[in-house]
Amino acid sequence: MKTMTPFARHLMSTTLCCFLLIGMSACTTKETVTPPSETTTPTSSTANKALAAHQLEADSTIEVLNTYPFDEQSFTQGLEMEPDGNLLVATGQYGESKLYRRSLENAKVHESIDLPAELFGEGITQAGDHIWQLTWRAGVAYKRDATSFAELDQAHYEGEGWGLCRLANGQLVMSDGTDTLTFRDADSFDELHRTQVTRNGASLPKLNELECTNEGVYANVFLSNYIVRINPDSGEITQVIDASGLPDTARARSDRNAVLNGIALIPGSETEKDGPRFLLSGKRWGALYEVRFVPKAR
């Protein structure tokens with residue numbers, strides 16, 4: 001066997017090190033797409049500053065009336081209560097997104113359907129005999145049978161899908177993470193018109209999960225513990241709710257994904273003398289809170 005010279009050994013060693021370094025660099029610099037739901041959550045004080053910059057000050061807070069168990073694995077993107085008292089829950093994350101129906105009291109799951117692994121699920125709403133389910137960046141909404149969740153049709157849209165709800169007039173309201181609400185036909189999903197959301201002339205972006213009521217459209221403000229009520233006709237914000245009193249909001253300090261997200265009106269409560277009741281939850285929260293929005297003490 002021919003003996004390798006010291007120079008040759010040095011050259012081979014140097015070349016091997018270069019290949020290893022290049023390989024390590026390739027492994028550690030691969031670009032990944034991070035969903036908006038995985039962006040670092042700011043502290044409550046940061047959220048306050050952000051809202052103050054948009055001339056928003058909370059005029060209401062939450063009164064917790066009851067607490068129910070919730071699935072900590074649910075990356076909640078949509079929440080809606082059916083007239084019979086069951087809860088519709090839509091979750092996100094690639095490979096984990098699904099729609100399921102569960103009992104409020106005992107958390108028993110009655111129906112469930114998964115989205116394809118390459119899709120990131122977002123908001124939902126029921127429109128008569130069907131349910132619309134959004135996706136984040138795929139630009140597709142699934143139309144499903146309201147009972148079986150079987151796919152009936154698909155609709156396509158530009159931009160991102162975030163929150164969805166249905167007004168009393170039958171129109172759908174959709175958010176896309178910006179300061180704009182898009183109104184759509186409940187059967188075809190065709191766009192009807194758009195409205196910019198403002199307060200004192202300043203627009204408010206990051207509108208997330210939605211709930212339509214007779215009082216207006218309620219929206220989670222992404223990366224904050226705040227909920228705003230919006231006049232669907234004018235886009236003007238008419239109420240700002242501080243929900244930081246919910247115990248699970250503290251989870252975001254250790255888990256950046258565990259943010260407030262999910263508003264569901266309790267059917268029939270809008271006529272109650274003390275005001276409507278809602279269910280609130282968040283991403284990977286272990287509890288579902290029954291609340292009322294009450295005036296903030298001055």
The residue that is nearest to the chain's Cα centre (by Cα), considering only those in region 201-242 that are over 20 Å from LYS296 (Cα atoms) and among the polar types (S, T, N, Q), is ASN208
So for region 253-262 (the condition being closer than 27 Å to PHE75 by Cβ, surrounded by fewer than 20 Cβ atoms within 10 Å (Cβ to Cβ) and modelled with pLDDT of 95 or more), does at least one residue qualify?
no
Extreme residue, surrounded by the fewest Cβ atoms within 10 Å (Cβ to Cβ), among residues of region 271-291 that are of a type in the set (A, V, I, L, M, F, W, C) and either at pLDDT below 90 or in contact with a Gly (Cβ under 6 Å, 6 or more places away or on another chain) (or both):
ALA287
Tabulated pairs, region 128-150, first more than 20 Å from ASP84 (Cβ to Cβ), second among the aromatic types (Phe, Trp, Tyr) and in a strand (DSSP E or B), C-beta under 9 angstrom, 6+ apart or interchain:
LEU134/TYR142; THR135/TYR142; ALA141/TRP132; TYR142/TRP132; LYS143/TRP132
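I'd like to check which strands (runs of 3 or more DSSP E) are fully inside region 128-194 and have at least 1 residues that are in contact with an Asp or Glu (Cβ under 7 Å, 6 or more places away or on another chain) and modelled with pLDDT of 95 or more. First the steps, then the outcome.
Details: elements: 130-135, 140-145, 151-156, 164-166, 172-175, 180-184.
It comes to 130-135, 140-145, 151-156, 164-166, 180-184.
Looking only at region 102-127, which residues are assigned to a strand (DSSP E or B) and over 21 Å from LEU167 (Cα atoms)? Before you say what the answer is, go through the steps one by one.
Of all residues in region 102-127, those assigned to a strand (DSSP E or B) come to 102, 109-114, 121-127.
Within region 102-127, ARG102, VAL109, HIS110, GLU111, SER112, ILE113, ASP114, GLY121 qualify.
Restricting region 202-216 to residues that are buried (at least 24 other Cβ atoms within 10 Å of the Cβ) and either among the β-branched types (Val, Ile, Thr) or touching a helix residue (DSSP H, G or I) at 6+ places or on another chain (Cβ under 9 Å) (or both), which is farthest from MET81 (Cα to Cα)? Can you show your working first?
Just the residues of region 202-216 that are buried (at least 24 other Cβ atoms within 10 Å of the Cβ), to begin with: 204, 207-211.
From what is left, the residues that are either among the β-branched types (Val, Ile, Thr) or touching a helix residue (DSSP H, G or I) at 6+ places or on another chain (Cβ under 9 Å) (or both) are 204, 208.
Working: LEU204: 27, ASN208: 18 Å.
That would be LEU204.
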In region 53-105, anything charged (D, E, K, R) and either touching a His at 6+ places or on another chain (Cβ under 9 Å) or buried (at least 17 other Cβ atoms within 10 Å of the Cβ) (or both) is listed as ASP71, GLU80, LYS98, ARG101, ARG102
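The values are calculated or read from the model by the stated rules, or taken from the named source; none is laboratory data. No experiment lies behind these values; they were computed from the predicted model shown. Methodologically, a virtual Cβ is constructed for each residue, glycine included, from the backbone with ideal geometry; neighbour enumeration extends over all protein chains shown.
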